[in-house]
Every structure is written in structure tokens, then in C-alpha cells.
Amino acid sequence: MVELRLIAAEDEVEALSDTLMDLDALSVSVEDADADTEAEQALFGEPDMPAPRPAWQRSVLKALFGDTAEATQAATRLLAEHPQGVELQAIVEVPDEDWVRLTQSQFAPVPITADFWIVPTWHEAPPAARTVMRLDPGLAFGTGTHPTTRMCLRWIATHAKAFAGQPVLDYGCGSGILAIAARQFGAGETLAVDIDPAAVISTAQNAEANGVSVRPGLPDVAGPGCGRYPLVLANILASPLKLLAPLLAAHLAPGGQLVLAGILARQAEELQAAYAAHGLALSVADEEDGWILMHARRSDRR
């Protein structure tokens, strides 16, 4: 295989990417041409950043082709059609790789506690693992590698007695990782909700692969009047969590526990104010790499 590398202006990137795919590129990626220099720009990262632009001011497009002739033909056409906004950087051969094995090597088993591990299907479970969730990277968020997910999983693993046999709501379920963990640690009927249909499908598949029963669905299955839960989990981001405060609070049963994540440490007071308006006193229950997990318990008398 051969990789075509082009330097492109920001406003040319989208059109160039589309054209490269039309010219039968096997893949197209975009990177910051000024990465690792003083001119490097952050386009994607923390929550609350400004809306990302489609590309960097100077972007590197890397397109993979089957052979040198195809790459050269593509470069010739693009340079002719975009004489001002494109610069040829290189056409280089790419050594053959076992891409599946290479990708798999990037995802190792993830320890949540000493005896609870998230293990991709191509790995053996560590000898110390007494509870194992089999989960492979997919289209939906949640593999156990992000601090927010790990903190939620730790909370579930260390508070299992509190929700044993009780129904659970996982709002913003992604891959279904929290809902599956809740079931593995003894929860009763578990509803997993997400706005993304791909996440709903992923949750169903992952639950089946782990031999547990989870009821996944879009938000309409968890609308007002769908019931109250002794445990409500939501690992999303601070902004949607604030907007969801009335809904999540309404779903929390008397004496129930609310666990929220996807929150940066500096956003704690915003969340506390949003949920205080609904009778819930959030506090920080865990912290990792600048992210926090927040917890509240509903009064038994409500």
C-alpha cells in the first residue's frame, strides 16, 4: 500500500477528503501539520471548549491507496484542481501490517478493582479476576479506559450491597458498560437509555455477550411516569447532566442513590446548584485525572 500526504488549508480539507474517497482512497485521516510545535492548535478535547472547526489552519491529509499509480493520479488531480490550497508532502510506501492485531494490541485488560476487570475478547482474563466483563471497542463510548467510566465501575463494584436485587436506570448508556456491571454485581431489572440508536444496539449485544439481561432503549422508554429507581447512573458530560437534572431527579426513588460522572473538578459547583433545586445534595465521591464522580442520596421521606 501507498500513503499520499498533502498539506491543505483549513477551508480545503473537507472537499479534498471527499475527492480522495471518490478516487478510491482506502482511508483518509486529517492531522495538525503544526503538531508538536508552538503553532499547534487544540481542536478537540475538554468539554466546554468552543465548537470545533472542521480542521486545522494547516492540516495534513493522509490517504491510503493500493499502489503508487493510484496515489500519483490522485495527487496530480488535486494539485490541478486546488492550486492555491494544497501542497504535496510525500508519496510513501506503507509496510504491510496485521492491522487487526495492531489494533487489538492497543486494548489490554483494564483493572477496575483488584478482582473486577474489563477484558477484550481476544485476551485471557487475569488470574486475579473474579468478575470479568468481556467488552471490545466499538461505536459506542465505554470500554473502561476513561477515568469517568472507571470511577463509575468502581462505585458499582464497591456498593453492590446497596442495590442488590433492585432496579437500576443507566441514562446515557453508551456501550452499556455500567448497566452490565450493575447486573453482574446483583442489580435487578436494569434499564439502559441512550439518544444514539447505535448505542442501544451495542448495549444489547454487549449484555448478551456477558450473559446478563439489560433492557436498552431510546429516551422515550424513560420518559416521565416510567418509574422510580433506587439507583440512577449517568456518565455523560456536565452540560447535559445539568439539563437532565429534573428528569433524573424525578426517576430517583425515595432513599435512592444518584451517581453522576463526566464532570470536570471545576464543574462541581454548577452540578451541585442544578441538583439542589430538585432536593439532591451532590458531593464528590471520587476523583481521577481531573475528573470527578458525584453522588447524592434521596431522602427516605420524599
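The values are calculated or read from the model by the stated rules, or taken from the named source; none is laboratory data. The shown structure was predicted, so the numbers you read here are calculated from the model rather than taken from an experiment. Note that we place each Cβ from the backbone using ideal geometry, even for glycine, and neighbour counts take in every protein chain shown. Remember, those area values only see protein heavy atoms, side chains included, never the ligands or the DNA or RNA. Shrake-Rupley method; radii C 1.70, N 1.55, O 1.52, S 1.80 Å.
Evaluate the following for ALA179: is it open to solvent by 10 Å² or more (accessible area, probe 1.4 Å) and either in a loop (DSSP other than H, G, I, E, B) or modelled with pLDDT of 95 or more (or both)? Spelling it out, it is not the case that ALA179 is open to solvent by 10 Å² or more (accessible area, probe 1.4 Å) and either in a loop (DSSP other than H, G, I, E, B) or modelled with pLDDT of 95 or more (or both).
Is at least one residue of the range 21-30 over 26 Å from the mean Cα position of the chain (by Cα), assigned to a helix (DSSP H, G or I), modelled with pLDDT of 85 or more and exposed (fewer than 15 other Cβ atoms within 10 Å of the Cβ)? Scanning the range 21-30 turns up at least one residue that is over 26 Å from the mean Cα position of the chain (by Cα), assigned to a helix (DSSP H, G or I), modelled with pLDDT of 85 or more and exposed (fewer than 15 other Cβ atoms within 10 Å of the Cβ). Could you please let me know if TRP117 is aromatic (Phe, Trp, Tyr) and part of a loop (DSSP other than H, G, I, E, B)? No; evaluated as a whole, the condition is false for this residue. Inspect all residues belonging to the range 162-171 and state whether any of them is surrounded by 19 or more Cβ atoms within 10 Å (Cβ to Cβ), free of Cβ contacts under 8 Å to residues at least 40 places away in the same chain and not hydrophobic (A, V, I, L, M, F, W, C). No - not one qualifying residue is present in the range 162-171. Filtering the range 5-18 to residues that are of a type in the set (Val, Ile, Thr) and surrounded by fewer than 18 Cβ atoms within 10 Å (Cβ to Cβ) leaves only ILE7. Summed over the range 190-216, the residues that are modelled with pLDDT of 95 or more, closer than 26 Å to ALA249 by Cβ and either of a type in the set (Gly, Ala, Ser) or open to solvent by 30 Å² or more (accessible area, probe 1.4 Å) (or both) give a count of 3.
Taking the conditions (1) touching a Pro at 6+ places or on another chain (Cβ under 6 Å); (2) at pLDDT 90 or above; (3) open to solvent by 20 Å² or more (accessible area, probe 1.4 Å) in turn, THR143 satisfies each one other than (2). Among the residues examined, LEU231 qualifies as under 27 Å from ARG298 (Cα atoms), in contact with a helix residue (DSSP H, G or I) (Cβ under 7 Å, 6 or more places away or on another chain) and either open to solvent by less than 40 Å² (accessible area, probe 1.4 Å) or at pLDDT 95 or above (or both). Are there any pairs, at least 6 apart or on different chains, whose C-beta atoms fall under 6 Å, with the first in the range 259-284 and more than 21 Å from LEU153 (Cα to Cα) and the second assigned to a loop (DSSP other than H, G, I, E, B), and if so, which? What qualifies is GLN272/LEU282; TYR275/LEU282. For the range 204-222, the condition of being without any contact (Cβ under 8 Å) to a residue 12 or more places away in the chain, acidic (Asp, Glu) and under 26 Å from ARG134 (Cα atoms) holds for at least one residue.
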